[in-house]
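Trainee: Right, I'll just put the structure down here and ask away after.
The values are calculated or read from the model by the stated rules, or taken from the named source; none is laboratory data. This one's a predicted model, so the numbers in the text were calculated from it and none came from an experiment. So basically every Cβ, Gly included, is an ideal-geometry build from the backbone, and we count neighbours across all protein chains shown.
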Amino acid sequence: MRLYVLRVFSLLLILGGPRCGFSWEQLGPYRYAGVDRIVAIGDVHGALPQLREVLRRSNVIDENDHWRGGQTHLVSVGDLLDRGPQSRGVMDLLMGLQVEAASAGGMVHVVMGNHEVMNLSGELNYTSKAEFASYIDLQSAANAIADEPPGFAGQRRAMALDGPYGSWLVKRPVAIVVNKTLFLHGGVSTRMRNLDLDSLNEKAHAQLLTFLKARKVLLNAGVIAPQTGFRAAQAAAHKRAQANIEPKAVTTAANEYDQVLANGLLFVSEGPVWYRGTALCHPFTEQQTTLDALQALKADRVVIGHTPTQQRKIQSRMDGRVLRIDTGMNVDWYHGHPAALVITAESTRVVYTDLDETEVTAENNRAWKRPWGMSDAGLESFLKNARITKIEDLATGVTKPKRVTLEQGVRKIRAVFKTLDTDPKLEKRRWTRLGNRSDRYQYEVAAYRLDRLLGFNMVPPAVLRAINGKPGVLQYWIEGAINEKDRRTRSIPYTGECTPRSQYTLMNVFDALIYNEDRTLANVLYSKRDWNLWLIDHTRAFRSDRKIPPYLRKARFDMTPQLRDMLAKIDKQKLAALAPYLHPKQISAIVARAKLVKRL
């Protein structure tokens, strides 16, 4: 049955696109217009039952798994494979639906994901034993590979260029545009700025075919083994290419393999199936790259998977230009909410299997793993009201901060507590220049409030609270963090998805706005899990000088239109919420410095 489906689908491809009488129009190999309804699904990862339920709730298939979507275009943004046990069943279902949808005037598009690339390329670290076992019918005892799980050889045969699944996967597009919406797996980086839609797909496919054909030559020559992942295989290929020995065909293949793996669009971290910057990096530094790529690809917005959303719900970012639809369909692995994005001319909505249908919500400019999933408001409430169960002295800091443990029910959170205030009620007194020497705990709350007003989302939540009768500030403690000083001392490599340079630009802009002269390597803080940069220790900031701090005048500011637009909106009215913590002179100085930074 599986091979029959493939033969029928191949025939449909030969015969061409939609039949006469259907309203949508295919404008090119990868572009479609006039589609009345689009249903998009994120990373399935072998979760066949959840996929079926999502498609049923989206009115794409019936109870017998047959197409009922009419002229709907169903789009998968990749990663059908790995982690879950039923990847083969997922492919069978979608391959069958491609045939049925075409007959009904609809279409099923499956965009290439990084796990499709890995399976085609022999990188199988994420393939489960159950997944291998599903291919055992495609291998014989004679071609089983010692020390590999049952079905391993069958899986490699299935994923070969001439295999029943490899031959289908290798033809999947890298990106498509339907009704001016771009669909691809990972994200759009600077590597895609100068590529139109056809060039992107054709270049990526050509490189992939070169790679896979070279890999086959290296396998047959014994340079690599079927179970060799592509990084280890790259080392072997590189060694062979450098040796430049006979036979020439093997050396040529080794060189091609090495070069594509090092620079190919489907293999580099900035490529369309791997890039996470579109999903994770701050819009102030990332949005222009996204807009440039969308312009080149003639699209208005992009729908991506690859990076699960923190809340495991479909969310938008960059003013709706980016829609993130990886909600963790494989519930056993990601503890997510299986979902589909449904786009019509009237609305863009989300269908969940375990939640009510809803509109797409906008995420914060910077997502992070929040304790107990709490919002900023929830964290503020917790810090203000939770029971204090432990207070510890901290060895660092001239202000003698303490670390406080707070508990409320099953929830436990730690925070840092500071009490130093060299100029009580400074915000209400007549200003003198002595105010520029102040060291006040209230400035931590001012920095947090300003950070959120401007959309940086880089300062941990902070609230005013008295402990044991002593007033001070309580600020969320970033667990598992490392500061830049320790990172350099211990030679820990930076492995974040967003470049240090882009994060430092945001830090420099913020420090210029608040006139922070106290930024040191010790208070440049990273949450180690995701390498998000956090800004702490602002008790000596907010001077009245209307220029930027001297040490920042030679700093590098990679200003973007989004940053300049944010700075242009800073005025006294916008900053009115800072009045409880800052003197009017300090607020006026922020406005003046914003005008200077905008011109950098």
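Trainee: Quick one: which of Val223, Val217 is within 21 Å of Asp147 (Cα to Cα) and either of a type in the set (A, V, I, L, M, F, W, C) or at pLDDT below 90 (or both)?
Mentor: Unique residue meeting the criteria: Val223.
Trainee: May I ask you to say which residue of Ile245, Ile224 is in a loop (DSSP other than H, G, I, E, B), more than 29 Å from the chain's Cα centre (by Cα) and buried (at least 20 other Cβ atoms within 10 Å of the Cβ)? Even if it seems obvious, please write down each step before you answer.
Mentor: Working: Ile245 fails: buried (at least 20 other Cβ atoms within 10 Å of the Cβ).
Answer to the check: Ile224.
Trainee: So Arg543 passes all but one of these: (1) of a type in the set (Lys, Arg); (2) crowded, with 20+ Cβ neighbours inside 10 Å; (3) not in a loop (DSSP other than H, G, I, E, B). Which condition number does it fail?
Mentor: Tallying (1) of a type in the set (Lys, Arg); (2) crowded, with 20+ Cβ neighbours inside 10 Å; (3) not in a loop (DSSP other than H, G, I, E, B), Arg543 fails exactly one: (3).
Trainee: Being in contact with a Gly (Cβ under 8 Å, 6 or more places away or on another chain), closer than 16 Å to Asp332 by Cβ and not in a loop (DSSP other than H, G, I, E, B) narrows it down to one residue among Val90, Val54, Val44; which is it? Even if it seems obvious, please write down each step before you answer.
Mentor: On the way: Val54 fails: in contact with a Gly (Cβ under 8 Å, 6 or more places away or on another chain); Val44 fails: not in a loop (DSSP other than H, G, I, E, B).
Just one listed residue meets the conditions, Val90.
Trainee: Within the bounds of region 196-206, is there any residue that is closer than 22 Å to Val75 by Cα, among the small types (Gly, Ala, Ser) and out of contact with any helix residue (DSSP H, G or I) (no Cβ under 7 Å at 6 or more places or on another chain)? Before the answer, list the steps.
Mentor: Start the filter on region 196-206 by keeping residues that are closer than 22 Å to Val75 by Cα, which leaves 196-205.
From the residues that got through so far, the ones that are among the small types (Gly, Ala, Ser) too are 199, 204.
If we keep only those that are out of contact with any helix residue (DSSP H, G or I) (no Cβ under 7 Å at 6 or more places or on another chain) as well, we get 199, 204.
Looking for residues that are closer than 22 Å to Val75 by Cα, among the small types (Gly, Ala, Ser) and out of contact with any helix residue (DSSP H, G or I) (no Cβ under 7 Å at 6 or more places or on another chain), one finds at least one in region 196-206, hence yes.
Quick grid of which residues meet (1) within 17 Å of the chain's Cα centre (by Cα); (2) surrounded by fewer than 23 Cβ atoms within 10 Å (Cβ to Cβ); (3) modelled with pLDDT of 95 or more:
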{"residue": "Glu256", "(1), (2), (3)": "no, yes, no"}
{"residue": "Gln259", "(1), (2), (3)": "no, yes, no"}
{"residue": "Leu266", "(1), (2), (3)": "yes, no, yes"}
{"residue": "Tyr275", "(1), (2), (3)": "yes, no, yes"}
{"residue": "Gln288", "(1), (2), (3)": "yes, yes, yes"}
{"residue": "Val303", "(1), (2), (3)": "yes, no, yes"}
{"residue": "Thr307", "(1), (2), (3)": "yes, yes, yes"}
{"residue": "Gln310", "(1), (2), (3)": "yes, yes, no"}
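Trainee: Here is a follow-up. Do you know which residues across region 344-388 are charged (D, E, K, R) and either at pLDDT 95 or above or over 30 Å from Leu406 (Cβ atoms) (or both)? Step through it out loud before you land on a result.
Mentor: Step one: of region 344-388, the residues charged (D, E, K, R) are 346, 349, 354, 356-357, 359, 363, 366, 369-370, 376, 380, 384, 387.
Glu346, Arg349, Asp354, Asp356, Glu357, Glu359, Asp376, Glu380, Lys384, Arg387, listed by residue number.
Trainee: Every residue in region 491-505 that is closer than 24 Å to Leu563 by Cα, surrounded by fewer than 18 Cβ atoms within 10 Å (Cβ to Cβ) and touching a Phe, Trp or Tyr at 6+ places or on another chain (Cβ under 7 Å), please.
Mentor: Pro500
Trainee: Hey, can you tell me all the residues within region 357-410 that are free of Cβ contacts under 8 Å to residues at least 24 places away in the same chain, under 30 Å from Ala340 (Cα atoms) and not in a strand (DSSP E or B)?
Mentor: Glu357, Met374, Ser375, Ala377, Gly378
Trainee: Is one or more of the residues making up region 20-36 acidic (Asp, Glu), part of a helix (DSSP H, G or I) and modelled with pLDDT of 95 or more?
Mentor: As a first pass, look at region 20-36 and keep what is acidic (Asp, Glu): 25, 36.
From what is left, the residues that are part of a helix (DSSP H, G or I) are none.
No, there is no match, as no residue in region 20-36 is acidic (Asp, Glu), part of a helix (DSSP H, G or I) and modelled with pLDDT of 95 or more.
Trainee: Please specify each residue of region 576-600 satisfying the condition of being of a type in the set (A, V, I, L, M, F, W, C), assigned to a helix (DSSP H, G or I), under 22 Å from Arg433 (Cβ atoms) and touching a residue at least 40 places away in the same chain (Cβ under 8 Å).
Mentor: Those that are of a type in the set (A, V, I, L, M, F, W, C), assigned to a helix (DSSP H, G or I), under 22 Å from Arg433 (Cβ atoms) and touching a residue at least 40 places away in the same chain (Cβ under 8 Å): Leu578, Ala589, Ile590, Ala592, Ala594, Leu596.
Trainee: Looking at region 178-189, I want the residues that are polar (S, T, N, Q) and have a partner that is assigned to a loop (DSSP other than H, G, I, E, B) with Cβ atoms under 6 Å, at least 6 apart or on another chain. Which pairs are those?
Mentor: Every condition considered, the pairs that remain are Asn179/Val35; Ser189/Glu270; Ser189/Tyr275.
Trainee: Right, something else. Given the condition at pLDDT below 95, in contact with a Gly (Cβ under 9 Å, 6 or more places away or on another chain), surrounded by fewer than 15 Cβ atoms within 10 Å (Cβ to Cβ) and not in a helix (DSSP H, G or I), answer yes or no: does some residue in region 229-240 qualify? Even if it seems obvious, please write down each step before you answer.
Mentor: Just the residues of region 229-240 that are at pLDDT below 95, to begin with: 229-240.
With the extra rule that they be in contact with a Gly (Cβ under 9 Å, 6 or more places away or on another chain), the set shrinks to 229-230, 233.
Next, from what is left, pick out any that are surrounded by fewer than 15 Cβ atoms within 10 Å (Cβ to Cβ): 229.
Adding the requirement that they be not in a helix (DSSP H, G or I) leaves 229.
Scanning region 229-240 turns up at least one residue that is at pLDDT below 95, in contact with a Gly (Cβ under 9 Å, 6 or more places away or on another chain), surrounded by fewer than 15 Cβ atoms within 10 Å (Cβ to Cβ) and not in a helix (DSSP H, G or I).
Trainee: I would also like to ask the following. Looking only at region 301-310, decide whether some residue is in contact with a Leu (Cβ under 9 Å, 6 or more places away or on another chain), assigned to a helix (DSSP H, G or I), at negative phi and touching a residue at least 12 places away in the same chain (Cβ under 8 Å).
Mentor: No, region 301-310 contains no residue that is in contact with a Leu (Cβ under 9 Å, 6 or more places away or on another chain), assigned to a helix (DSSP H, G or I), at negative phi and touching a residue at least 12 places away in the same chain (Cβ under 8 Å).
Trainee: Can you name every residue in region 430-468 that is among the hydrophobic types (A, V, I, L, M, F, W, C), part of a loop (DSSP other than H, G, I, E, B) and either touching a Leu at 6+ places or on another chain (Cβ under 9 Å) or under 20 Å from Arg414 (Cα atoms) (or both)? Steps first, please.
Mentor: Looking only at region 430-468, we keep the residues that are among the hydrophobic types (A, V, I, L, M, F, W, C), and these are 431, 434, 445-447, 450, 453-454, 456, 458-459, 462-464, 466-467.
Applying the additional criterion that residues be part of a loop (DSSP other than H, G, I, E, B) yields 431, 456, 458-459.
Selection gives Phe456, Met458, Val459.
Trainee: Out of all the residues in region 168-221, which are more than 23 Å from Leu280 (Cβ to Cβ) and among the charged types (D, E, K, R)?
Mentor: Those that are more than 23 Å from Leu280 (Cβ to Cβ) and among the charged types (D, E, K, R): Lys171, Arg172, Lys180, Asp196, Asp198, Glu202, Lys203, Lys213, Arg215, Lys216.
Trainee: Can you report the number of residues in region 388-425 which are surrounded by 15 or more Cβ atoms within 10 Å (Cβ to Cβ), of a type in the set (A, V, I, L, M, F, W, C) and in contact with a strand residue (DSSP E or B) (Cβ under 7 Å, 6 or more places away or on another chain)?
Mentor: 7
Trainee: Answer yes if at least one residue in region 153-168 is of a type in the set (Gly, Ala, Ser), surrounded by fewer than 18 Cβ atoms within 10 Å (Cβ to Cβ) and in contact (Cβ under 8 Å) with a residue 60 or more places away in the chain, and no otherwise.
Mentor: Yes: one or more hits.
Trainee: How many residues are in contact (Cβ under 8 Å) with a residue 24 or more places away in the chain and either among the aromatic types (Phe, Trp, Tyr) or not in a strand (DSSP E or B) (or both) if we restrict to region 469-485?
Mentor: Taking region 469-485 first, the residues in contact (Cβ under 8 Å) with a residue 24 or more places away in the chain are 470-485.
Filter once more, keeping what is either among the aromatic types (Phe, Trp, Tyr) or not in a strand (DSSP E or B) (or both): 476-480, 484-485.
Residues in region 469-485 being in contact (Cβ under 8 Å) with a residue 24 or more places away in the chain and either among the aromatic types (Phe, Trp, Tyr) or not in a strand (DSSP E or B) (or both): 7 in total.
Trainee: Within region 315-334, does at least one residue satisfy the condition of being surrounded by 21 or more Cβ atoms within 10 Å (Cβ to Cβ), assigned to a loop (DSSP other than H, G, I, E, B) and charged (D, E, K, R)?
Mentor: yes
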